[in-house]
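The values are calculated or read from the model by the stated rules, or taken from the named source; none is laboratory data. What you are looking at is a predicted structure, and each value in this text was computed from that prediction instead of being measured. Using ideal geometry, Cβ is built from the backbone for each residue, glycine included, and neighbour counts are taken over all protein chains shown. In case anyone asks, the SASA skips ligands and DNA or RNA and just uses the protein heavy atoms, side chains included. Shrake-Rupley method; radii C 1.70, N 1.55, O 1.52, S 1.80 Å.
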Amino acid sequence: MFLFTVGFLLVILQLCTGQFPRACANTRSLLRKECCPPWDGDGSPCGELSNRGTCQSILLSQAPLGPQFPFSGVDDREDWPSVFYNQTCKCKGNFMGFNCGECKFGFSGLNCTERRLRIRRNIFQLTISEKDKFLAYLNLAKNIPSQDYVIATGTYAQMNNGSNPMFRDINVYDLFVWIHYYASRDTLLGGSSVWRDIDFAHEAPGFLPWHRAFLLLWEREIQKITGDENFTIPYWDWRDAEDCVVCTDEYMGGRHPTNPNSLSPASFFSSWQVICTRSEEYNSQQALCNATGEGPIRRNPGNNDKSRTPRLPSSAEVEFCLSLTQYESGSMDKMANYSFRNTLEGFADPHTAISNISQSGLHNALHIYMNGSMSQVQGSANDPIFILHHAFVDSIFERWLRRHRPMLEVYPAANAPIGHNRENYMVPFIPLYRNGEFFMPSRELGYDYEYLQEPALNSFQEFLIPYLEQARQIWPWLVGSAVIGGIVAAVLSGLILAFRKKRAGASPEVQPLLTESEDYNNISYQSHF
């Protein structure tokens, strides 16, 4: 109760980060298409008087999109967030937030000038008190309403183009469940028609950057509502696991003794209500999820379809995935071959990198293995294991970035599925973030992973790998050049020696005064070359 009370006070006093800012969820803001709330520090929009930011028109990417979504003007998420707002705060320097009242990731201090690096740790490396604190923080987030953000319960058209706002309150944890749902929901086309081949957070290049931003924002919310600035999301390293080792009452909830699809009543997660899991119902009603409780978390790990996912991912599969040099390829969707992103996401075989949507590998494998709430994309964030899982997926993404050191230009600038081009804004975040802004090493965003820090030798090996790979690729040319060079050197040496002998026989009086050792060194140098 004490922790709940403290958290409630903190959430009133501090900002949240999520989807629709409460200050902009009103008729005036929607009709003006402007979301530039005042910063409490000086009362000016975007903290302009303190030089934190200004209210500016949004610049949308004009790069062409892929063919996967053949419509235009039918989905509120197209050209996000222009259907709702075309002016938002543009923050300066290291300031961030919907009103420029926060610091960018990796910065802190009154003027956001202090660098800060936080370390995400293996959940099994936490002390008992640290683990219990993490679980308490999760429960706190599930019971505290977001003071600065609301969710939309209707489309822009259902809001009568802004004159009839449709928003409602939501707790901090469910805010992020709803964000994940909203980014991956189907397009409502009217009547009973929907378009399912659309997802602003999956099945395309933005999968990894989008979830990286999602986790950072979720992590920051926990830091705020608890006042614990040092909090970081733990991860579950599921490589080679034989079963769900976090599925115990000491961690993320054990199995119910009589109902294998439910959680043990000894875990407080058993009392949690899920939201946004009934996609077919929303589609038939042409409605959005309104965050009403829809029953308890479902989970039956290991009793999944073995033909699709026979087991949890292995270390060898992760290593193969990391060896792939292309971030994205081909159609840049779930049919992409030899794509690191598609292989890690789980739509390509983790042994060949060839697309195989009848199987679920790596990231997808764990979702399917959980056999419950986590197995349905739109509502998967309801299960708190989602956070642990995606933190580890993000760490694999981080390993790939460190190994291959890609330039930003490696991330596709054009022709990706809708919402996934490099300069597209991520749906449905306000403040705005572009996909390309999270295609960078985690340390630049203020965090790292414990197991990536540990042996210095591993870091050195990770550093050498791209150069060794280049050397392997050009090795035949190097060998050929060395052989040809040796032959040329031998021929030249022979010609020079023959020439010297000829001169020595013809003119002994002008023979150069070379000692035996000097002559030996000279020939040796040439032969070595």
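Over segment 339-439, the alpha carbon radius of gyration divided by the compact-protein estimate 2.2 N^0.38 Å works out to 1.15. Binning all Cα-Cα separations of segment 117-232 at 5 Å, short to long from zero, yields these whole-percent fractions: 2, 9, 15, 18, 17, 15, 11, 6, 4, 2, 1. Bridging of K306 to aspartates and glutamates at a Cα separation below 20 Å is possible for D240, E242, D243, E317, E345, D349, once same-chain residues fewer than 8 apart are set aside.
Semi-axes of the equivalent ellipsoid of segment 12-122 are 28, 20, 13 Å, computed as sqrt(5λ) over the eigenvalues of the C-alpha gyration tensor in descending order. Per-residue extension of 0.36 nm, minus the Cα-Cα distance of A23 and D249, leaves a gain of 77.4 nm for this segment. Ranked by the mean number of other Cβ atoms within 10 Å of their residues, highest first, the peptides 91-104, 143-156 come out as 91-104, 143-156.
Extending 7 Å from the Cα toward the beta-carbon at both R32 and R239 defines two label points whose distance is 5.3 nm. Using a cut-off of 23 Å between Cα atoms, the listed pairs K33/K104; K33/K142; K104/K224; K92/K142; K90/K142 include K33/K104; K33/K142; K92/K142; K90/K142 as exceeding that distance.
Please give the FRET efficiency for N161 paired with T352, using the beta carbon to beta carbon distance and R0 = 45 Å, rounded to the nearest 0.05.
On the way: r = 49 Å, r/R0 = 1.10.
For R0 = 45 Å, the calculated efficiency reads 0.35.
Could you state the per residue volume, in Å³, of the convex hull enclosing the Cα atoms of segment 81-173? It is 154 Å³ per residue. Can you give the local net charge around R212? Use residues other than it whose beta-carbon is closer than 10 angstrom to its beta-carbon, Lys and Arg +1, Asp and Glu -1. With Lys, Arg at +1 and Asp, Glu at -1, the net is -3. Between the beta carbons of D197 and R115, assuming R0 = 25 Å, the FRET efficiency works out to 0.05 to the nearest 0.05.
A DSSP coil position with no more than 13 other Cβ atoms inside 10 Å describes the following chymotrypsin sites (Phe, Trp or Tyr not before Pro) in segment 46-85: F71. Per-residue SASA remark: D243, around 80 Å² accessible (1.4 Å probe; ligands, DNA and RNA not included). Taken about its Cα centre, segment 164-256 carries a charge dipole of roughly 440 debye when the Cβ of each Lys and Arg holds +1 and the Cβ of each Asp and Glu holds -1.
Set the Förster radius R0 to 41 Å, insert the Cβ-Cβ distance between N86 and N230 as r into 1/(1 + (r/R0)^6), and round the FRET efficiency to 0.05. E between N86 and N230, to the nearest 0.05, is 0.60.
Computed over the alpha carbons of segment 163-215, Rg followed by Dmax gives 13.6, 36 Å.
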